[in-house]
Amino acid sequence: MSFLRRISSVVLLTGAVIACSPTTQAPKITDAASAEEARRQRELAIRERVTLDQRLQAVAWRVRTSNVELCDDSVHAEAGMKTMVQEDDWPDFRPALLSLYGIQDQATILHTIVGGPAHLAGLKTGDVLLELDGQAVPGGKKGNEFLTEKIGESTGAVNLKIRRGQDEPVITLHPLQTCSFPVFLAANDAVNAFADGDKVHVTTGMMSFVGSDDELALIIGHELAHNAMNHIGKQRGNRMAGYIVGSVLDVFLGGTGAFARLGEQVAAGVHAQDFEEEADYVGVYYAARAGYDVKGAADLWRRMATSNPTAIHLAGSTHPSTAKRFLGVEATADEVVRKVAEGEPVRPNESKDKEDAPSPDAVSFDG
């Protein structure tokens with residue numbers, strides 16, 4: 001009987017669920033119509049991302065090429081173009097990349113930077129790159145890596161054999177020296193940018209937040225400074241030193257690794273705010289040397305404060321407060337303006353004692 005009662009309960013429950021059905025008649029959408037709309041939305045998403053990347057790369061190019069002398073040995077040649085292969089994106093978006101920009105399995109130009117070497121040489125979106133100075137460009141992602149490496153090592157003109165429609169012309173371009181920290185667009189709604197020692201990443205959220213290219217240049221300059229001044233490497237060194245000291249305490253005091261972990265954690269925060277202040281300071285110079293209005297860009301920090309009031313703090317974080325950062329950027333902008341007016345070199349002032357100068361693993365823009 002108990003089994004029959006359970007069956008009856010299931011039947012009653014199912015009937016109750018079925019009874020809770022919609023009471024209005026919505027339009028019927030076919031699977032074919034949904035698939036077509038999904039295709040259109042993917043194209044819109046790709047167009048938006050490419051538009052953001054074009055803006056990002058244009059500003060980054062100016063900042064990176066204008067500060068070669070401040071990047072010391074971290075310099076290489078670039079052509080000012082973004083290449084892509086279908087393998088670079090999600091499978092669902094590959095048809096859109098092919099139809100909109102001609103992106104194939106072979107390295108294909110997504111866009112060029114206006115005024116850059118590739119643009120001046122006449123390279124265009126959809127050009128497929130076949131050979132570089134007589135060497136075949138590998139297929140897939142290795143093609144992007146090959147082009148970056150070979151062009152980066154070049155000291156003069158390079159010849160690119162391309163496929164454009166039915167033609168396969170050879171185009172000569174003249175790469176320019178640039179700070180060797182490429183800038184990438186990260187698909188993330190967070191308002192952030194960060195450096196990892198080798199690259200700079202700017203989120204789509206940050207791209208939507210910045211009010212002008214002047215502000216964007218300030219952000220790129222900040223992250224570029226983190227990499228150029230080896231802040232990430234220095235932080236790793238601090239972490240290692242803290243770990244070693246903690247490990248010694250573990251040995252002598254019979255610890256289980258807690259001191260090592262604590263030492264690593266504490267040491268990681270050493271000079272953290274100093275690093276950020278230095279990146280703000282040097283970043284203003286990077287942006288100013290590229291021709292951007294750094295004085296007006298300081299308002300970025302007031303808008304950041306209104307968007308995230310907790311950042312107005314004055315202590316207890318790895319990053320300075322938005323109040324300090326606004327005032328610091330303004331003061332540095334005034335310093336730059338004065339140097340320009342007086343004919344002085346537009347370079348950051350060095351610490352009187354470089355050993356004591358601020359010397360966080362990725363360093364974030366907003367923490």
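The values are calculated or read from the model by the stated rules, or taken from the named source; none is laboratory data. Because the structure is a prediction, the values reported are computed rather than measured. So basically every Cβ, Gly included, is an ideal-geometry build from the backbone, and we count neighbours across all protein chains shown.
Looking for something under 22 Å from GLU78 (Cα atoms), surrounded by 15 or more Cβ atoms within 10 Å (Cβ to Cβ), under 14 Å from the mean Cα position of the chain (by Cα) and of a type outside the set (Lys, Arg) - is there at least one such residue anywhere in region 147-160?
No, that holds for no residue.
Condition first: under 20 Å from ARG64 (Cα atoms) and of a type in the set (A, V, I, L, M). Now tell me which residues in region 131-156 satisfy that.
LEU147, ILE151
Under 6 Å by Cβ, and 6 or more places apart or on different chains, what pairs join a residue from region 60-73 that is more than 18 Å from GLU215 (Cβ to Cβ) with one that is assigned to a helix (DSSP H, G or I) and at pLDDT below 95?
Partner pairs satisfying both residue conditions: CYS71/ALA228.
I'd like the full set of residues that are over 25 Å from LEU130 (Cα atoms), crowded, with 22+ Cβ neighbours inside 10 Å and among the aliphatic types (A, V, I, L, M), limited to region 61-86.
VAL63 - this is the single residue of region 61-86 that is over 25 Å from LEU130 (Cα atoms), crowded, with 22+ Cβ neighbours inside 10 Å and among the aliphatic types (A, V, I, L, M).
Identify, by number, the condition in (1) closer than 17 Å to LEU300 by Cβ; (2) in the same structural domain as ASP133 (by TED's automatic domain parsing) that PRO175 doesn't meet.
With respect to (1) closer than 17 Å to LEU300 by Cβ; (2) in the same structural domain as ASP133 (by TED's automatic domain parsing), PRO175 is out only on (1).
Just checking, which of ASP189, ASP198 is closer than 18 Å to LEU70 by Cβ, part of a loop (DSSP other than H, G, I, E, B) and either at pLDDT 90 or above or in contact with a Phe, Trp or Tyr (Cβ under 6 Å, 6 or more places away or on another chain) (or both)?
ASP198
Considering only region 235-242, I want to know if a residue exists there that is modelled with pLDDT of 50 or more and closer than 30 Å to ASP89 by Cβ.
no
Criterion first (out of contact with any strand residue (DSSP E or B) (no Cβ under 7 Å at 6 or more places or on another chain), basic (Lys, Arg), assigned to a helix (DSSP H, G or I) and modelled with pLDDT under 85) does ARG303 satisfy it?
So ARG303 fails the test.
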